[in-house]
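The values are calculated or read from the model by the stated rules, or taken from the named source; none is laboratory data. Because the structure is predicted, anything quoted here is derived from the model rather than measured. Because the Cβ atoms are built from the backbone with ideal geometry, glycine has one as well, and the counts that use them run over all protein chains shown.
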Amino acid sequence: MAEFLERLAICIFATGFYFAAGARMFGVMQQCGYKNARFYAWLKRRDNLWYNRLCLFFLILLLSCTLTAVCFSFLGAAWARLLSLIPFACFAATFCASEGKAPLKVPLARTGRIKRLGGVYALLLAVAIYLLIDGFVLLEHLVTAPLFTAFSVVPLCFVPLLLPFIFALSNAVSCAFENPRNARYVKKNAEKIRASSAIKIGVTGSYGKTSVKNILATILSEKYKVVSTPESYNTPIGIAKAADLPEFASAEVFIAEMGARKAGDIEELCAMVCPDYGVFTGVCRQHAETFGSEENIFDEKKKLVDSVKQKCVCGADLYEKYGDKFSAEEMKKIVFVPRGAVKNLGGAPFRTDFDLTLTMKNGESETRRVQIPLLGKGSAENVALAAYLAAEMGLGADEIFRGIEKILPVPHRLNLMKENGVYILDDGYNASEKSAEQALDVLSAFPGKKYVVTPGIVETGIEDAEVNRPLGARLAKFDGVFVANGASAVKEGYLCAGGNEDTLHVFSDEEEVKAALSEVLCEGDAVLFLNDLPDVY
C-alpha cells in the first residue's frame, strides 16, 4: 500500500508540472478551431521552435535526474531516487516560468469547452505518467541490480516528448462529446432563427464582411430593430449564439455574417439562416490554402445568391471579374453596385469624404456628399454596399443618409489612433489583397515617415508567392518595414522592387517590433499594423 501511495504522489506531482508546462497548447488548439490537423501543422511549422524546447527540456531532465541518482547512489537507492526529484522539480518549474514570459498573442478564452478539454487532458496525462511509473516498477522485478530503483524518476523525463500527442488525443476524445453537443445546440438555435419573423440577411465575401455587417446594422436601425451576429462570429456556432441574445426575440431584422474555410460552409449557413436578402462583398485569394483556388472560393460564396429569397447586393468587382459566371436565374436576384456609386474621395488620411450615388427601389437616383470616420476607399465601398441593400429593403434616401452619419469605426479595421504624437493604423483583422492595398494607400497619405508591420497575407496556400510578392513590392517605398519571420515572399518582393535592405527588419514576436519601433518613431510619423498574425501561423 505504501508503494502504491508513493507512486500516486509522484504521479500527481509530475502531472501538475507537465500540465503547466503544456498550457500553451490550450490557446493554440482554440485558435486551431479544435482541429488536430491544424494543431499538428502548427507543431511542425518550420519556424516554430516549441517542440524543440520540449526536446531540450527532456534532455536536461534526463541528464540532471540520471546524474543526481548516480552521484547519490552511495546513500542507497531510496535516497538517490528521492534526491533526483529535486532537479526534476527545479527544471520543470524553470520551464513553466519561461513559458509564462512568452504568452500567446491571442489570449485564451476560458470557455466551458476549454475547461472540459483541460479535465480530459489532465486525466490522460496522469494515466500516461502512472503507466510509465508502473512500467518501471515491473522492470524492477526483472532487473536484479540493487541500485536500479534509484533511477525510477528517469521514465518521467520522457513525458515532454509525448505532451503534444497526449494533448491531441485528449482533444480527439473531447471532440467525440463536444461535436454532437455543438450540433444539437446549432440545430436548436437554427430552428429558432428560421421560426423568427425577422427579415434575415446574410453577408459573405473574402473581405469586408464584418464592416459591411456593422454599417448595414447602423443604417437599418433607422427603420428596424436590428440584431446581428456579434464581433466577427461567422460560423454555425457563432450564428447560433446570436439567437440567444436577449434582443433577438423582438428583432425585426437579423444580419448573419457568413464565413467559409471549405466547400459546403456557406450552404450550411444559408440552410441555417434562410436569408431573405444578402450582401456578397467580393472575392480574392484569401483562404486559397483550404479552397485550392480563387474560383473555388467564388463558387462557394456564390451559394448565398442561390439561397436568398429576394435580392443580393454584390460589389462592382464581382461584375467585372465574374459577371459571366452567374446564371440567368442568379442575375435576376443580383443588384450590382455600379463602379460610379462612389466618387470624389477626399478627407484622407483622417477621415473619408465622398459622393455617394444611390439608386432607390423606384429607380430614381440621388447623390449626396457624405463623411464617415472610416478610412480608405474600401470603407466607402462598404458603405455603398450597405446603402444599396437598405434601398432594396425599402428605406428612403433620408433614412439611409441619416444612418450613414451614425456609422462608427469597426475595431481593428484600419482604426486610427494617436499616441505620443505618432499615428497608429490598426488594421489587424484585414488580411486580403484588396484590403492590404487600400490600407497602404491610406498610410501613403500621412505626413512624416511611414512604417509597416506585417506578417503578409496568410492562408494563401500554393499561391503564397503570387499574393505576397506584390505586397512586398508595394512596401518598398516606405521608410521602414517589419515583416514576420517566415514571410519570405514578402521579403523577396520588397528586395526585388528595390527596397532598402537596411530598413527591412525581420521579427519573431511583438516585443521585438515594439523595441525596434521605439528607436525609430518620432512625432508626426505613422505606422500601419497590417494583418495581426495569430499564434498558429
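Suppose the filter is assigned by TED's automatic domain parsing to the domain that holds Val127 and either surrounded by 14 or more Cβ atoms within 10 Å (Cβ to Cβ) or closer than 30 Å to Tyr233 by Cβ (or both); does Ala78 pass it? Before you say what the answer is, go through the steps one by one.
Values: assigned by TED's automatic domain parsing to the domain that holds Val127: yes; either surrounded by 14 or more Cβ atoms within 10 Å (Cβ to Cβ) or closer than 30 Å to Tyr233 by Cβ (or both): no.
The answer is no for Ala78.
Here are some residues: Gly376, Gly340, Gly347. Which one is in the same structural domain as Asp306 (by TED's automatic domain parsing), touching an Asp or Glu at 6+ places or on another chain (Cβ under 6 Å) and not acidic (Asp, Glu)?
Gly347
Can Leu67 be described as under 28 Å from the mean Cα position of the chain (by Cα), under 28 Å from Cys90 (Cα atoms) and assigned to a helix (DSSP H, G or I)? It would help to see each step written out before you state the result.
Numbers: under 28 Å from the mean Cα position of the chain (by Cα): no; under 28 Å from Cys90 (Cα atoms): yes; assigned to a helix (DSSP H, G or I): yes.
Considered against the rule, which asks whether it is under 28 Å from the mean Cα position of the chain (by Cα), under 28 Å from Cys90 (Cα atoms) and assigned to a helix (DSSP H, G or I), Leu67 comes out as no.
Filtering segment 483-508 down to residues that are surrounded by 13 or more Cβ atoms within 10 Å (Cβ to Cβ) and among the charged types (D, E, K, R), which residue is farthest from Glu466 (Cα to Cα)?
Lys491
Determine which member of the set Lys450, Lys514, Lys418 is over 18 Å from the mean Cα position of the chain (by Cα), at pLDDT 85 or above and surrounded by fewer than 21 Cβ atoms within 10 Å (Cβ to Cβ). Give the derivation first.
Working: Lys450 fails: surrounded by fewer than 21 Cβ atoms within 10 Å (Cβ to Cβ); Lys514 fails: at pLDDT 85 or above.
Unique residue meeting the criteria: Lys418.
Which condition number does Gly498 fail, the rest of (1) modelled with pLDDT of 80 or more; (2) more than 19 Å from Leu416 (Cα to Cα); (3) in a helix (DSSP H, G or I) being met?
Only one criterion in (1) modelled with pLDDT of 80 or more; (2) more than 19 Å from Leu416 (Cα to Cα); (3) in a helix (DSSP H, G or I) is unmet by Gly498, namely (3).
When you go through Lys311, Lys301 one by one, which is the residue that is farther than 27 Å from Val458 by Cβ, basic (Lys, Arg) and touching a residue at least 60 places away in the same chain (Cβ under 8 Å)? Show your work before the answer.
Details: Lys301 fails: farther than 27 Å from Val458 by Cβ.
Answer to the selection: Lys311.
Arg369 fails exactly one of the following numbered conditions: (1) of a type outside the set (S, T, N, Q); (2) within 26 Å of Ile201 (Cα to Cα); (3) assigned by TED's automatic domain parsing to the domain that holds Leu345. What is the number of that condition?
Just one mismatch for Arg369, condition (2).
Any idea which of (1) surrounded by fewer than 13 Cβ atoms within 10 Å (Cβ to Cβ); (2) more than 13 Å from Phe17 (Cα to Cα); (3) among the aliphatic types (A, V, I, L, M) is the one Leu83 doesn't satisfy?
All conditions are met except number (1).
Could you go through segment 247-269 and let me know if any residue there is aliphatic (A, V, I, L, M), assigned to a helix (DSSP H, G or I) and under 27 Å from Gly315 (Cα atoms). If you could, list the steps in order and put the result at the bottom.
In the first step, residues of segment 247-269 are kept if they are aliphatic (A, V, I, L, M); the result is 249, 251, 253, 255-256, 258, 260, 263, 266, 269.
Next, only the ones that are assigned to a helix (DSSP H, G or I) stay: 249, 266, 269.
Adding the requirement that they be under 27 Å from Gly315 (Cα atoms) leaves 266, 269.
Scanning segment 247-269, I find at least one residue that is aliphatic (A, V, I, L, M), assigned to a helix (DSSP H, G or I) and under 27 Å from Gly315 (Cα atoms), so the answer is yes.
If you take the residues of segment 260-293 that are surrounded by fewer than 20 Cβ atoms within 10 Å (Cβ to Cβ) and of a type outside the set (Gly, Ala, Ser), which of them is farthest from Ser228 (Cα to Cα)? Break it down stepwise before answering.
Pass one, segment 260-293, residues surrounded by fewer than 20 Cβ atoms within 10 Å (Cβ to Cβ): 261-264, 267-268, 271, 274, 276, 289-290, 292-293.
Within this subset, residues satisfying the condition of being of a type outside the set (Gly, Ala, Ser) are 261-262, 267-268, 274, 276, 289-290.
On the way: Arg261: 21, Lys262: 23, Glu267: 19, Glu268: 18, Cys274: 15, Asp276: 14, Glu289: 29, Thr290: 27 Å.
The extreme case among them is Glu289.
Can you name the number of the only condition in (1) modelled with pLDDT under 90; (2) more than 21 Å from Ala126 (Cα to Cα); (3) not β-branched (Val, Ile, Thr) that Ala89 fails?
All conditions pass for Ala89, except number (2).
Hey, which of the helices (runs of 4 or more DSSP H) in segment 279-338, taking only ones fully inside, have at least 3 residues that are of a type outside the set (Gly, Ala, Ser) and under 16 Å from Val203 (Cβ atoms)? Spell out how you get there, then give the answer.
Details: elements: 288-291, 294-301, 303-307, 316-322, 328-333.
It comes to 294-301, 303-307.
Does any residue of segment 473-485 turn out to be more than 24 Å from Leu375 (Cβ to Cβ) and either assigned by TED's automatic domain parsing to the domain that holds Arg285 or not in a loop (DSSP other than H, G, I, E, B) (or both)?
In the first step, residues of segment 473-485 are kept if they are more than 24 Å from Leu375 (Cβ to Cβ); the result is 485.
Within this subset, residues satisfying the condition of being either assigned by TED's automatic domain parsing to the domain that holds Arg285 or not in a loop (DSSP other than H, G, I, E, B) (or both) are none.
Among the residues of segment 473-485, not one is more than 24 Å from Leu375 (Cβ to Cβ) and either assigned by TED's automatic domain parsing to the domain that holds Arg285 or not in a loop (DSSP other than H, G, I, E, B) (or both), which makes the answer no.
If you go through segment 284-298, how many residues are touching a residue at least 12 places away in the same chain (Cβ under 8 Å) and under 17 Å from Ser327 (Cβ atoms)?
Within segment 284-298, residues that are touching a residue at least 12 places away in the same chain (Cβ under 8 Å) and under 17 Å from Ser327 (Cβ atoms) number 1.
Which count do you get for residues in segment 298-345 that are surrounded by 13 or more Cβ atoms within 10 Å (Cβ to Cβ) and of a type in the set (S, T, N, Q)?
So the answer is 2.
Select from segment 152-188 the residues that are over 20 Å from Arg116 (Cβ atoms) and under 28 Å from the mean Cα position of the chain (by Cα) and list them in ascending order.
Applying the first criterion (over 20 Å from Arg116 (Cβ atoms)) to segment 152-188 yields 152-162, 187.
Passing the criteria: Pro160, Leu161, Leu162, Lys187.
Given (1) more than 21 Å from Gly27 (Cα to Cα); (2) at pLDDT 90 or above, where does Asn171 come up short, assuming only one miss?
Of everything listed in (1) more than 21 Å from Gly27 (Cα to Cα); (2) at pLDDT 90 or above, Asn171 misses just condition (1).
Here are some conditions: (1) under 17 Å from Arg413 (Cβ atoms); (2) over 25 Å from the mean Cα position of the chain (by Cα). Ile193 meets all but one. Which one does it not meet?
So the condition that Ile193 fails would be (1).
Cys96 is checked against (1) under 30 Å from Tyr185 (Cβ atoms); (2) at pLDDT 85 or above and fails just one. What number does that condition carry?
Of (1) under 30 Å from Tyr185 (Cβ atoms); (2) at pLDDT 85 or above, only one is false for Cys96: (1).
Pick out the one residue from Leu82, Leu62, Leu43, Leu75 that is more than 30 Å from Leu108 (Cα to Cα), of a type in the set (A, V, I, L, M) and in contact (Cβ under 8 Å) with a residue 40 or more places away in the chain. Can you show your working first?
On the way: Leu82 fails: in contact (Cβ under 8 Å) with a residue 40 or more places away in the chain; Leu43 fails: more than 30 Å from Leu108 (Cα to Cα); Leu75 fails: in contact (Cβ under 8 Å) with a residue 40 or more places away in the chain.
Result of the check over Leu82, Leu62, Leu43, Leu75: Leu62.
So, in segment 92-134, of the ones that are charged (D, E, K, R) and in contact (Cβ under 8 Å) with a residue 40 or more places away in the chain, which residue ends up nearest to Trp42 (Cα to Cα)? Can you show your working first?
From segment 92-134, those charged (D, E, K, R) are 99, 101, 105, 110, 113, 115-116, 134; that's our starting set.
From what's left, in contact (Cβ under 8 Å) with a residue 40 or more places away in the chain: 99, 105, 113, 116, 134.
Details: Glu99: 17, Lys105: 15, Arg113: 21, Arg116: 22, Asp134: 33 Å.
Going through the qualifying residues, I end up with Lys105.
For (1) touching a Lys or Arg at 6+ places or on another chain (Cβ under 9 Å); (2) modelled with pLDDT of 85 or more, each residue gets a yes or a no:
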| site | (1), (2) |
| --- | --- |
| Tyr322 | yes, yes |
| Ala328 | no, yes |
| Pro349 | no, no |
| Met360 | no, no |
| Arg368 | no, yes |
| Leu385 | no, yes |
| Gly396 | yes, yes |
| Arg402 | no, yes |
| His412 | no, no |
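What residue, among those in segment 218-240 that are in a loop (DSSP other than H, G, I, E, B) and small (Gly, Ala, Ser), is surrounded by the fewest Cβ atoms within 10 Å (Cβ to Cβ)?
Step one: filter segment 218-240 for residues in a loop (DSSP other than H, G, I, E, B), giving 221-225, 229-235.
Filter once more, so that each one left must be small (Gly, Ala, Ser): 221, 232.
Details: Ser221: 15, Ser232: 17.
Filtering first and then ranking leaves Ser221.
Residues being more than 26 Å from the chain's Cα centre (by Cα) and surrounded by fewer than 13 Cβ atoms within 10 Å (Cβ to Cβ): count how many of those fall in segment 91-113.
Within segment 91-113, the subset more than 26 Å from the chain's Cα centre (by Cα) is 91-95, 97.
With surrounded by fewer than 13 Cβ atoms within 10 Å (Cβ to Cβ) added as a condition, the list becomes 94, 97.
Residues meeting the conditions: 2.
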